[in-house]
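To keep things clear, I will list the structure first and then write my remarks on it.
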Amino acid sequence: MSEIHKIEDLRVWQNARILCKIIYTLTHKEDFEKDFRFVQQIRAAAGSIMDNIAEGYGRGLLSACRHLEL
C-alpha cells in the first residue's frame, strides 16, 4: 500500500473524479440539453462525492473512513 500525502493519493477520490468527468461528458450530449435543471442536479451530485471525500480527509484518515460509511 502506498503512502497518502494528499487527497489526490486516495484511490476513492481518484475514482470519484473519473465518475465526475464521465457525468459531465454524458450531460453535455444533446439528449440532456433540454433538461437544464436535471443536468445541474446530477452534476452537483457528482461533484459532492469528491467534496465529501475531501471533507472527511481534512478531518483525518480515520474520520474519513467513518465519513464515507454514511
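None of the figures in this text is laboratory data; all of them are computed from the coordinates on show. Just so it is clear, the structure is predicted and the values come from calculations on it, not from any experiment. Because the Cβ atoms are built from the backbone with ideal geometry, glycine has one as well, and the counts that use them run over all protein chains shown.
Brief remarks follow.
- As a rough guide to protection, the peptides 17-27, 31-41, 45-55 ranked by mean Cβ packing within 10 Å, highest first, stand as 45-55, 17-27, 31-41.
- Extension gain, Gln41 back to Asp9 (0.36 nm per residue minus Cα-Cα distance, nm): 8.8 nm
- In sequence order, calculated HN-Hα J values of region 27-41 (Karplus, 6.51, -1.76, 1.60; Hz; x Gly/Pro): 7, 7, 6, 4, 4, 9, 4, 7, 9, 4, 5, 4, 4, 5, 5
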